[in-house]
1. Test of understanding: what is the full-extension gain from residue 165 to residue 251, defined as 0.36 nm times their sequence separation minus their Cα-Cα distance?
2. Need one number: nm distance between label points at residue 709 and residue 346, each 7 Å from Cα along Cα→Cβ, rounded to one decimal.
3. Using 7 Å Cα-to-Cβ label points, what is the residue 286/residue 300 separation (nm, one decimal)?
4. Would you please give the FRET efficiency between residue 735 and residue 368, computed as 1/(1 + (r/R0)^6) with r the Cβ-Cβ distance and R0 = 56 Å, to the nearest 0.05?
5. I need the calculated FRET efficiency for the pair residue 323 and residue 500, taking r as the beta carbon distance and R₀ as 30 Å, to the nearest 0.05.
6. Can you work out the accessible area per residue across region 648-769, with the rest of the protein chains kept in place, probe 1.4 Å, in square angstrom?
7. Rg over Rh of region 265-367, using C-alpha atoms and the Kirkwood radius, what does it come to?
8. Can you work out ³J(HN,Hα) from phi for every residue in region 664-677, in order, using Karplus 6.51 cos²θ - 1.76 cosθ + 1.60 and θ = phi - 60°, giving whole Hz and x for Gly and Pro?
Amino acid sequence: MAPSTDWDEIKRLAADFQKAQLSSTSQRLSERNCVEIVTKLIELKLIDVIFTTDGKEYLTPQQLIKEIKDELYVHGGRINTVDLAKDLNVDLSQINANIGEIIKGKEVQLVSGYLIAHYFLEKIAQEINEKLQLQGHISVGELTLQYDLPAEFLQNNILERYLGKIIIGRQDPSEARNFYTEQYITRLKAKIRGALMGLLKPTPINVIVSHCNMPDRLFLSLFDEIHAPGVLTGRQTGALYVPTCYTKSQNEWVMSFYKQNNYLEYDALTRLGISDPKGYVKRILANEDLTFLGSCVIGLQIKQQLETALEECVASKSYLDVVSLLPSVLSDSDIENIIETLLKTSAKSTILFDNTVFSNSFIENLKNSCMPMVQKLAEDVVKSQKYQQFYIEKQLAKTADLSSQTHVDHKAERREERRRKAASGKGGGGTQGRETKTKAVKKHQRSKQVTHDSDSDEASNANKKAPTQLEIVSVENIEEVIKEALENEGLDDLTNQIAEYLQGCLNQTALAIAKEMAEKLLQDANQNRKQTHSSAQDRINVLVNDIKLYEKGLKMLPSDQQPQYIKYLLKTFGGDTLAEFCKYAANQCNLSFKGDVLTVEQRNKIINDLSDEYMKPLKALNATLTDQNMELFYQAVDVCLSECGMILKKVDKKKDKLLVQNHREKLIAELENCSDPALVLHLSVLAIFTIVTQNMLHASGRQVPLIILFLKSHLKGEDFERIQQYHDLVSKYLTANEDDEKVQAEDKLKEEMPSIKLLVSEVKKNKLN
């Protein structure tokens, strides 16, 4: 019954509505009255209406919003607000004022002056999907031109929002504004795979990309997905694609060559297309014990062959031609590096000439074969009186020089007589024209390197007058003896080098023999004294000359630092000079003392026990050791020399230069054999100072930091950092309180020690070449 009742009610209401429409009103309002009534209601704020632009109609905000939505729908979900104002005959400001109500629900958006409904976005998404399926790929840029919408809006509110829902495809991970279909990606993968399968050698990526007609980024993105039979050398422009077959054949060739020859040449690897030969070798032969050189890399087998051959060389007292055991592709510098490394463990038992290593025994045999010749030449030079004649002429020249400088009085005559007697007593001394090579000592004093003959320096000064008389054994004499033995071994090209090496030692032996024979022919009452006038004068000359060379070196340093170096120099070398004067004066005054090296207490005791003739000048010299004034020291030395009847020889600049060179080489030699970390640092700093300044420096360990700072301007930045870091490690090692910390520092120092020694060699090579 209920449905029938509702239908009757509807009919009744329809009839009432029709009756009302057909009935006429008894009272009507004019249009003006209506306007006045509406205006009054607006003034009283009883109604809220909006005027049309022609002012003939009113709309409520609700009606305006409804009509806006209707217009938006009629236009398909997108309409410009300016066009909307014209269509609705409403001012644009009223449209803009009410848009906020429309876009509250988020079903409508205002984009660049357009009202856009959600169903319009879905429509665009469908159109984009159709285009994407047709073309296979699409970009936000071209859609922006097509739909006249911002790129960000299209991407965020349409493409990414409906991706996977309405838009069927995938977004490019490397370029977010590009979209592709799976079919398109599949086709590209097939195209890439086909192009790569056909390659047999490394090919630039840009060639492959050009051939496949696709963007670089897309190619690189898809490359990782296709499991290509090869690898890329990089992701940047200019990178190469290297096929696996090429890499495999390349690796096989390299491994085969290495197994057969135990070395790999960098140039050969470069010709194979390997851009980084060292890195490649490290990677492919990671488990091999390799040695990387300048032109190639060698394996353990070659090194073991060399070590075995060297052991056999030493054991058999023979020689080893290193080049014959090395690959022919090695450069001269590579051969030098290998030999240097090879001889580190056997430097004391071998000698190197060019690229041939001789055992000490082999060289010693050659030396022994020359001994009869040396003995004969020494006997001849003594029998012919040439040795004695040279010494007498030298003494006469010294006497003439001394006579012109001294006053003729009774005391001076007595001193002169004593000096002549002492000199004549040493008349058979081993005069020699060459400075001998002896082992370096901690203070690097050449005074300790002077042989016991009384005239070594005098002979050096006399070289200009009679050099041939000082050279008993010449290089030519030695060559005549050893030539046949070396020719039998095929080593005749090294005859001159070996002869020059042996000449110094054999000549010293000849001088010693000549000296011994000459001493047997001479008589001297003072021959048992340990220190004669001539030898004392020579040692003092050497010490004073050393002091002057060291003073010259310390003057290279800042003036405010020089006093401490002068103090240390006077304390050590100045003290040694005073000790020589004390020993000579003690001999002259028949005072006894123990040992060759005098302590401060012994010196003071000797000075106090001397006669006034020697006491006063020696006390004055002793006082200058604490004054830090070199001029006063030299003046005091001159007074002592005068009182002792001695002279200070004229400085020979050429000889000084040679002394500096010998000092440098002795520092380096001692450094090579040193294993104490602090002493290694000390020797390294002094050696580098001597190399870069061509001057000697005498300094204590406390002064090493100052010398390092001075060397900063003379070294490369990385070299200075290396030696500064080593200094810091030494300081940490010396100041460590805990055993663990000290052990760690010591291990680090041992690890860095070869690098510091190598640094000295590098500085020498760079500065002297």
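1. Values: separation 86, 0.36 × 86 = 30.96 nm, distance 5.03 nm.
Roughly 25.9 nm would be gained on extension.
2. Each label point is offset 7 Å from its Cα along the Cβ direction, giving 4.8 nm.
3. Between residue 286 and residue 300, the simple spin-label model gives 1.7 nm.
4. Working: r = 52 Å, r/R0 = 0.93.
Using R0 = 56 Å, I get an efficiency of 0.60.
5. Details: r = 22 Å, r/R0 = 0.72.
E between residue 323 and residue 500, to the nearest 0.05, is 0.90.
6. Working: 6500 Å² over 122 residues.
I get 53 Å² per residue for region 648-769.
7. Values: Rg = 15.9 Å, Rh = 14.9 Å.
Answer for region 265-367: 1.07.
8. 4, 5, 5, 4, 5, 5, 5, 4, 4, 8, 8, 10, 7, x
The values are calculated or read from the model by the stated rules, or taken from the named source; none is laboratory data. Note that the coordinates shown come from a computational prediction; the quantities given were computed from them, not determined experimentally. In this analysis, Cβ positions are derived from the backbone assuming ideal geometry, glycine residues included, and neighbour counts consider all displayed protein chains. Just so you know, the surface numbers come from the protein's heavy atoms only, side chains and all, with ligands and any DNA or RNA stripped out. Shrake-Rupley method; radii C 1.70, N 1.55, O 1.52, S 1.80 Å.
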